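One structure is given below, encoded as structure tokens.
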Amino acid sequence: MKKLFVVGIGPGAYEEMTLRAVRTLQQCQVIVGYTVYVDLIREHFADKEFLTTPMRQETERCRLALKAAEEGRLTAMICSGDAGVYGMAGVLLELAAAYHQVEIEVVPGVTAAVSGAAVLGAPLMHDFAVISLSDLMTPWERIEQRLRAAAAADFIICLYNPCSKKRSDYLRRACEILLEYRESGNLCGYVSNIGREGMCSKICTLEELMEAKTDMFTTVFVGNSDTKAVNGNLVTPRGYLL
């Protein structure tokens with residue numbers, strides 16, 4: 001059976017990849033991925049053949065990987081964070097149905113919700129929801145429904161893809177929805193370029209979050225009603241008796 005791995009490489013820095021991810025890439029002959037993500041790891045696997053495509057060519061990228069594996073080359077498709085969280089694992093498994101000789105193995109990685117939370121402190125200590133604000137795959141009306149449901153249930157909320165050049169006001173719109181259910185002083189935080197050069201983070205209120213400058217490489221955290229700041233860290237108490 002020919003083999004194709006789908007590998008989550010974590011937030012970006014080599015040292016934040018899992019040992020399993022590193023060992024998998026070391027044994028592969030071909031590494032396929034989005035150009036930006038390949039550039040993050042290229043120097044550490046310089047002897048490999050790299051195949052890349054730009055953003056918005058996800059299915060073409062998957063077919064490149066499947067074809068390489070079908071030809072008998074041990075291949076890995078890489079994704080930032082975890083391959084199964086807004087990554088390529090799902091679409092690759094769907095497309096692989098037409099490549100009967102290729103076995104798919106998913107190698108998990110550290111998703112931005114986890115790595116970003118570690119930068120801010122411990123905001124995800126209780127129940128939380130992860131919601132992407134990108135409407136490329138999901139209608140904005142459905143995103144609004146999910147925001148309202150998570151806000152009403154007092155979930156900690158982690159927002160992926162908070163804005164882009166074409167969606168510059170989406171984070172503000174999300175905050176306006178959340179403010180229907182949360183106090184303006186509800187604590188929040190955000191981290192940009194997690195685990196990469198230029199990483200920065202900030203703790204703020206929900207009202208202040210409306211004016212935050214973010215991009216597709218920013219992960220936003222909206223605390224629940226119990227979330228607090230402790231010595232510069234964002235912490236959501238679990239309820240242990242102290």
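To the nearest 0.05, what FRET efficiency results for H100 and D127 with a Förster distance of 41 Å applied to their C-beta separation?
0.50
Counting alpha carbon pairs within less than 8 Å and at least 6 residues apart, what relative contact order, in whole percent, applies to segment 138-242? It would help to have the intermediate numbers written out before the result.
Numbers: 162 pairs, mean separation 32.0, N = 105.
Taking the mean separation of contacting Cα pairs over the length of segment 138-242, I get 30 percent.
Please list 198-210, 120-132 highest first by mean number of surrounding beta-carbon atoms within 10 Å per residue.
120-132, 198-210
For a quick check, take a GNM of the chain with Cα springs below 10 Å and name the residue from E141, E105, E211 with the largest mean-square fluctuation.
In this elastic network of the chain, the residue with the biggest mean-square fluctuation among E141, E105, E211 is E141.
How would you rank 217-223, 8-14, 160-166, highest first, on the average number of other Cβ atoms within 10 Å across their residues?
Listed from highest to lowest mean packing, they are 217-223, 8-14, 160-166.
Using a Cα-Cα cut-off of under 13 Å, which aspartates and glutamates could be cross-linked to K48, ignoring same-chain neighbours fewer than 8 residues away?
D39
Quick one: in segment 138-182, what % of C-alpha pairs are over 18 Å apart?
21 percent
Take each uninterrupted DSSP H stretch in the chain, measure its Cα extent along the helix axis, and return the ones at 30 Å or beyond whose mean Kyte-Doolittle hydropathy is at least -1.0. Don't skip to the answer; put the middle values down first.
Values: long enough: none.
Sorted by number, there is nothing, because no helix extends far enough and scores high enough.
Given the peptides 79-89, 187-197, 33-43, arrange them by the average over their residues of other C-beta atoms within 10 Å, most packed first.
79-89, 187-197, 33-43
Return the calculated 222 nm mean residue ellipticity for the chain, to the nearest 500 deg cm²/dmol, obtained by summing -39500 (n - 2.57) across DSSP H runs with n ≥ 4 and dividing by the residue count.
Computed mean residue ellipticity for the chain: -8000 deg cm²/dmol.
Per residue, how large is the accessible surface of the chain? Use a 1.4 angstrom probe and give square angstrom. Don't skip to the answer; put the middle values down first.
Details: 12200 Å² over 242 residues.
Normalised by residue count, the accessible surface of the chain is 50 Å².
Antiparallel versus total DSSP beta bridges in segment 119-242: what percent is that, nearest 5?
Numbers: 17 of 24 bridges.
In segment 119-242, approximately 70 percent of DSSP beta bridges are antiparallel ones.
What is the gain in length, in nm to one decimal, between E141 and E183 on full extension, counting 0.36 nm per residue of separation less the C-alpha to C-alpha distance? Mind dumping the intermediate values first?
Numbers: separation 42, 0.36 × 42 = 15.12 nm, distance 2.31 nm.
Going from the current span to full extension adds 12.8 nm.
At q = 0.12, 0.13, 0.15 Å⁻¹, work out log10 I(q)/I(0) for the chain with the Debye formula, treating every Cα as an identical point scatterer and leaving solvent out; two decimals please.
The calculated log intensity ratios at q = 0.12, 0.13, 0.15 Å⁻¹ are -0.71, -0.81, -1.00.
So, how do all the Cα-to-Cα distances of segment 108-225 break down into 10 Å bins, in percent, from 0 on up?
The percentages, shortest bin first, are 14, 51, 31, 3.
What is the log10 of I(q)/I(0) for segment 152-204, computed with the Debye formula using one identical point scatterer on each Cα and no solvent, at q = 0.12, 0.17, 0.22, 0.29 Å⁻¹?
Taking Cα atoms of segment 152-204 as identical point scatterers yields -0.33, -0.65, -1.01, -1.29.
Report the relative contact order of the chain, percent, no decimals, based on alpha-carbon pairs under 8 angstrom and at least 6 residues apart.
On the way: 504 pairs, mean separation 48.3, N = 242.
Once divided by the residue count of the chain, the mean separation gives 20 percent.
Rounded to two decimals, what is Rg over Rh for segment 78-133 when you use alpha-carbon atoms and the Kirkwood radius?
Taking Rh as the inverse mean 1/r over Cα pairs, Rg/Rh reads 1.11.
Beyond 29 Å between alpha-carbons counts as too far, so tell me which of K2/K165; K166/K202; K67/K166 fall in that bin. Don't skip to the end; give the middle numbers.
Details: K2/K165 41 Å; K166/K202 24 Å; K67/K166 33 Å.
Distance filter (> 29 Å) returns K2/K165; K67/K166.
Between segment 13-30 and segment 163-205, how many Å separate their Cα centres?
Going from one Cα centre to the other spans 31 Å.
Using unit Cβ charges (K, R positive; D, E negative) and no other charged atoms, how large, in debye to the nearest 20, is the dipole of the chain about its Cα centre?
Approximately 300 debye in magnitude.
Residue farthest toward the positive end of the dipole of the chain, with Cβ of Lys/Arg at +1 and Asp/Glu at -1: which of A98, I143, P237?
In the chain, that residue is A98.
The values are calculated or read from the model by the stated rules, or taken from the named source; none is laboratory data. From a predicted model like this one, the values you see are computed outputs, not experimental measurements. As a convention, Cβ positions derive from the backbone with ideal geometry for all residues, glycine included, and neighbour counts pool all protein chains shown. When the accessible area is computed, the model is the full protein with side chains, heavy atoms only, and any ligands, DNA or RNA have been set aside. Shrake-Rupley method; radii C 1.70, N 1.55, O 1.52, S 1.80 Å.
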